[in-house]
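The values are calculated or read from the model by the stated rules, or taken from the named source; none is laboratory data. Only a predicted model underlies this, so the values are computations on that prediction, with no experimental measurement involved. In this analysis, Cβ positions are derived from the backbone assuming ideal geometry, glycine residues included, and neighbour counts consider all displayed protein chains. All accessible areas refer to the heavy atoms of the entire protein, side chains included, with ligands and DNA or RNA removed. Shrake-Rupley method; radii C 1.70, N 1.55, O 1.52, S 1.80 Å.
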Amino acid sequence: MSSPGMREASSPLQLCRVMLPDDANIMGTVHGGIILKMIEEAGSIVGTRHCNTQNGDRCLAALVRVEKTEFLSPVFIGEVVHVSAVITYTSKHSLEVQVKVIAENILTGAKKLANKAALWYVPCSLQNVDKITEVPPIKYASAEQEEEGRKRYEAQKVERLETKARVEEAIPPPPNPEDAPKERYTVGFSQSSLIHLVGPSDCTLDDFVYGGVTMKLMDEVAGIVAARHCNTNIVTASVDAINFHRKIKKGCVVTVTGRLTFVSNRSMEIEVLVDADPLVEKEKGKYRAVSAFFTFISLDKENKPLNVPPLKIEGEEEQRRFEEGKARYLQSKAKRLAEKERQQ
C-alpha cells in the first residue's frame, strides 16, 4: 500500500520539433548533441515540475548523470523529432527520468525509434543552490518495479563515485598548429578542444549551465576528433554514462577536450572531459565538471558503415587507455548480443 503523500507518476512530457539545416552536418544527418540537448530539456522539465508539487523551497532539477544511451537510428533534416519523458524512480534526493526519441518522416508517416536514455536529476533550491531538497515520492505499479528502480539507483550512485575518482587527471593541451605536425592516426593528431564562455542563454534561472548545452558541446568536440581521425562523414553511435561532477556557473570559461582512447574495425571511442574556469571567482580555480565516453562510426555517402583506420598507440599511458576502452567495447558488444537473443 502506498504511503501518505505519495503521488502518481507524472504523465509523460511530450516535446517535438522539426529538424532544420542548422541541426545537421553537411551530409544532412542531425548531430547527436542536438538530440542529447532535447533529451535533457524534456527530463529537466518533467523533473522540475514534479519536485515543485510539494510545499517548501522552489527548486530546479539539476542533471547529475546520463546513463549509456544508444543512437539507434540516424535522424535527418526535415524529420520531426518527438521526445517523451517520464519519471520512473524517486529516492529521497534524486529522481530517474526515462526518455524516448521518435523520429517521424512527415511526408510518408514512417516513424522510427532514434534514441532512448535514462537521466538522473537532483532538485536544487532556488534560494540556496547548494541545498538539495527532498523529492516527492511516486507510486509504483508493483513492488517489483520499485525494486528494479532501487537497484538502478544504487548502481548509478556507485559508478558516479568511481568515475569522479578516475577523471581528475589533467589532459594536455591539443597540439599547437605552429608545432611540428603529429603523425596521422595518432591520439595527438586528432585530439581537439573547444573553448566556450558561458553566457546567460546557456543557463537556468539560477545561472548554472543547462546539462543539454554541455552535452551538445561535448558531442561537437567528439565529432571533430572522429572526423579528423577517419576523414569521412561520422555520426554518434552511443554515449557511455555522462557524469556531471560539479556545476558550471555563468561567466565560466569551459574547455571541452576530446581524445581517442580506442578504435575497433567499425567504431571510435572518444573520451571527452569538460573543465570549468571561473573568470571572476578566480580563487576557486579550474576544476573538472563533466566526463563521458562517446562512440562514433564512419559512414560513406550512402550512410553505410565504413572501416575505421587503426589507432597508432604511443606510450604506456595511451596503451592503458586503449585496453580500458577495449574492455568497455567488448562488454557493450556482449550486452547487445545478449539483448538481441532475448528479443528473439
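Structure notes:
- Which of 149, 252, 215, positive extreme of dipole for the chain (C-beta unit charges): 149
- Radius, Kirkwood style, for the stretch 184-243 when every pair of distinct Cα atoms is counted (Å): 13.3 Å
- The stretch 13-163 pair-distance distribution - Cα-Cα, 5 Å bins, rounded %: 2, 9, 17, 18, 17, 14, 10, 8, 3, 1
- Space enclosed by the convex hull of the alpha-carbon atoms of the stretch 32-116, per residue, Å³: 104 Å³
- Alpha-carbon geometry of the stretch 79-133: the Rg and the Dmax are 16.2, 50 Å, given in that order.
- In a reduced charge model with +1 at each Lys and Arg Cβ and -1 at each Asp and Glu Cβ, the chain shows a dipole moment near 560 debye about its Cα centre.
- Ranked by solvent-accessible area (1.4 Å probe, protein heavy atoms only, all chains present), the residues 116, 335 order from largest to smallest as 335, 116.
- Protein-only accessible surface at a 1.4 angstrom probe places the residues 202, 22, 240 in the order 22, 240, 202, largest first.
- Within the chain, the longest segment free of exposed loop sites, counting GluC sites (Glu not before Pro) that fall outside DSSP classes H, G, I, E and B and have at most 16 other Cβ atoms within 10 Å, spans 9-133.
- Among complete DSSP H helices in the chain, those whose alpha-carbon atoms stretch at least 18 Å along the helix's long axis and whose mean Kyte-Doolittle hydropathy reaches -1.0 are 32-51, 211-230.
- Here the mean projected area of the convex hull built on the C-alpha positions of the chain is 19.4 nm².
- Of the residues 290, 261, 194, the one whose Cα sits farthest towards the positive end of the charge dipole of the stretch 187-343 is 261 (charges of +1 on Lys and Arg Cβ, -1 on Asp and Glu Cβ, taken about the Cα centre).
- Probe 1.4 Å - accessible area at residue 203, Å² to nearest ten: 10 Å²
- With protein chains left intact and a 1.4 Å probe, residues in the chain average 52 Å² of accessible area per residue.
- In the chain, helical runs assigned H by DSSP with n ≥ 4 each contribute -39500 (n - 2.57); averaged across all residues and rounded to the nearest 500, the mean residue ellipticity at 222 nm is -9500 deg cm²/dmol.
- With every protein chain in place, the chain: carbon and sulfur % of accessible area (1.4 Å): 54 percent
- Rounded to the nearest 20 debye, dipole of the stretch 13-163 from Cβ charges on Lys, Arg, Asp, Glu: 160 debye
- Average silhouette area of the stretch 197-311, convex hull of alpha-carbon atoms, in square nanometres: 7.7 nm²
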